[in-house]
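A.B. asks: Mind looking over this structure? Questions follow.
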Amino acid sequence: MNLLLSGGISITSEIDFSQFFCWNKDCTDYGIKNQGNIVLKERYGKNNHALLKCKTCKKCFSETKGTIFFELNTPDEEVLRTISMLPEKGSIRGVARATGHGKDTICRWLEIAGTHAEEVTTYFLKNLNLKKVEVDEIWSYIKKAKKCD
Amino acid sequence: MTEEDSEEYGDVYSLTAIKSDSRLFLFHHEGKRSTEDAIELFNGVEKMRNASSPIPVFTSDDWDAFEEGLINVYGKVELPQYKGIGRRPLPKLVPLDDLKYVKVLKKKVKNYVVETVQRIIFGDPEEIFGMLGTDSDSYIGTSYAERINLTIRTSLARFIRKGMNFSKTKRMHQKAIDLFQAWYNFIKPHKSLRLKIDSGNRKWFQRTPAMAEGITDHIWSLKELLTFRVPVQ
């Protein structure tokens, strides 16, 4: 019992509560950080993810909510190592052979990561002081390299 | 091409827009080479612009859809004056007064570029050259946009010519470029943006395009990008 308790305390102290906010839209603290309303409720799952609780609205949410690791069972390092090969000229089948994950799995992770990356881009790239903008086009094709009329 | 093929099969042109002083990859759009696609691109760039700052100087290569797209986005409808004879003139789209657009024409002989000509389409020539100055910043061209196209081709397996890694669906094609865009802006240090410093053993201070723009203050890791919780607006 003592061991468990000390283990629990050490895990609790590892979490940085300042980066989380409540995800419940009806809560008064929705989307606001550093309100002191987030506490640890319990650990769950194979990867020991933390289940956090908002004291204001009494609703629970996962620590991976809002990241790409939400609802994934594979360890985080494994996912990151796989995704990091894709923008370095890695083909889907090549990455599948190198890491040992399935093709469909990698495509699913790429879709999640692309959607998340697009959200981050639209959040940061606004109110810019544009002075010179260059536009150009780059050719590629889908399935067949001929005009489709 | 047969009739059973899906509509999205065939050639796809990704239109890219880049901010040339900080090398920030602003926007991309996948489509065919039509005016509607150019309008989508310029609308995306217009959303990122600070409303109080002036309209930027646009540069492109010789392709008419860009010019028509620009008039549609940064233009106004004007009625030409009636001269007293004949039919009344139809209303016409004219560019705004502070819109500046330069086209770069390349003359080629046997696939080698012999000469480049900068042709000013919209805007006052003296104003454009006066605003840009006479130093190295005054360069007008599409070199930076073409350089990022090379980076896309060498970074993503989908863009390799004459290979088997081409995209099979348009949806995954867009997602791959979305991931590349964030990776290029936040993670990959840009060689031409580095600063010379004299602190101990380090000679160079590496920067990413987002650092040059002033959005972040350090080079991000992939984990930092993918676990960033986007704040609610």
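Read-outs throughout are calculated quantities, based only on the coordinates presented, and are distinct from any laboratory measurement. Model, not experiment: these values are computed from the prediction. Using ideal geometry, Cβ is built from the backbone for each residue, glycine included, and neighbour counts are taken over all protein chains shown.
A.B. asks: In the structure displayed, which of A:Lys89/B:Lys170; B:Lys47/B:Lys223; A:Lys89/B:Lys191 lie more than 26 Å apart, Cα to Cα?
C.D. replies: Cα-Cα > 26 Å for B:Lys47/B:Lys223; rest within.
A.B. asks: Right, here's the next one. How far is helix B:170-182 tilted off the main Cα axis of chain B, in degrees rounded to 10, range 0 to 90?
C.D. replies: 70 degrees
A.B. asks: Additional query: Provide Rg over Rh for chain B; use the alpha carbon set for both Rg and the Kirkwood Rh (inverse mean inverse pair distance).
C.D. replies: 1.02
A.B. asks: Evaluate chain A: find the radius of gyration of its Cα atoms, find its Kirkwood radius, and give the ratio Rg to Rh.
C.D. replies: With Rg and the Kirkwood Rh in hand, the quotient comes to 1.09.
A.B. asks: While we're looking at this one, here's another question. Measuring from label point to label point, each 7 Å out along Cα→Cβ, what is the B:Phe205 to B:Leu79 span in nm?
C.D. replies: Rounded to a tenth, the inter-label distance reads 5.9 nm.
A.B. asks: Another question, then. Let me check against my output: what whole-number percent is the relative contact order of the range B:1-115, with C-alpha pairs under 8 Å and at least 6 apart?
C.D. replies: After rounding, I find 19 percent.
A.B. asks: Apply 1/(1 + (r/R0)^6) to the Cβ-Cβ distance of B:Ile160 and A:Asn127, taking R0 = 25 Å, and write down the FRET efficiency to the nearest 0.05.
C.D. replies: So, using R0 = 25 Å, E works out to roughly 0.10.
A.B. asks: OK, next. Using the per-residue mean of other Cβ atoms lying within 10 Å as a proxy for protection, in what order, highest first, do the peptides B:41-50, B:194-203 fall?
C.D. replies: The densest-packed peptide leads the list: B:41-50, B:194-203.
A.B. asks: Find the relative contact order for the range A:18-65 and round it to a whole percent, using C-alpha pairs within less than 8 Å whose residues are 6+ positions apart.
C.D. replies: 30 percent
A.B. asks: Distance from the Cα centre of the range B:90-118 to that of the range B:32-89, in angstrom?
C.D. replies: Here the two parts' Cα centres lie 14 Å apart.
A.B. asks: Take every Cα pair under 8 Å in chain B that's 6+ residues apart, average their separations, divide by the length, and report that relative contact order as a whole percent.
C.D. replies: Once normalised by length, the contact order is 14 percent.
A.B. asks: Continuing with this model, one more query. Treat each spin label as a single point 7 Å out from the Cα along the C-beta direction, and report the B:Lys110 to B:Glu4 distance in nm.
C.D. replies: Distance between label points: 4.7 nm.
A.B. asks: Moving on. With θ set to phi - 60° and the Karplus curve 6.51 cos²θ - 1.76 cosθ + 1.60, what are the ³J(HN,Hα) couplings of the range A:46-51 in order, to the nearest whole Hz, using x for Gly and Pro?
C.D. replies: These are the phi-based 3J(HN,Hα) values: 5, 8, 6, 6, 8, 9 Hz.
A.B. asks: Moving on. Around B:Asp61, with a cut-off of 10 angstrom between Cβ atoms, what is the net charge of the other residues, counting Lys and Arg +1 and Asp and Glu -1?
C.D. replies: So the surrounding residues net to -3.
A.B. asks: Then there's this: Would you mind pulling out the separation of the Cα centroids of the range B:155-233 and the range A:26-41, in Å?
C.D. replies: Using only Cα atoms, the two centres lie 32 Å from each other.
A.B. asks: Other chains' Cβ within 10 Å of A:41-49 residues: what's the mean?
C.D. replies: Mean partner shielding for this stretch: 0.
A.B. asks: May I ask you to sort A:Val133, B:Val94 by Cβ crowding, counting other Cβ atoms within 10 Å and putting the fewest first?
C.D. replies: Neighbour counts put them in this order, fewest first: B:Val94, A:Val133.
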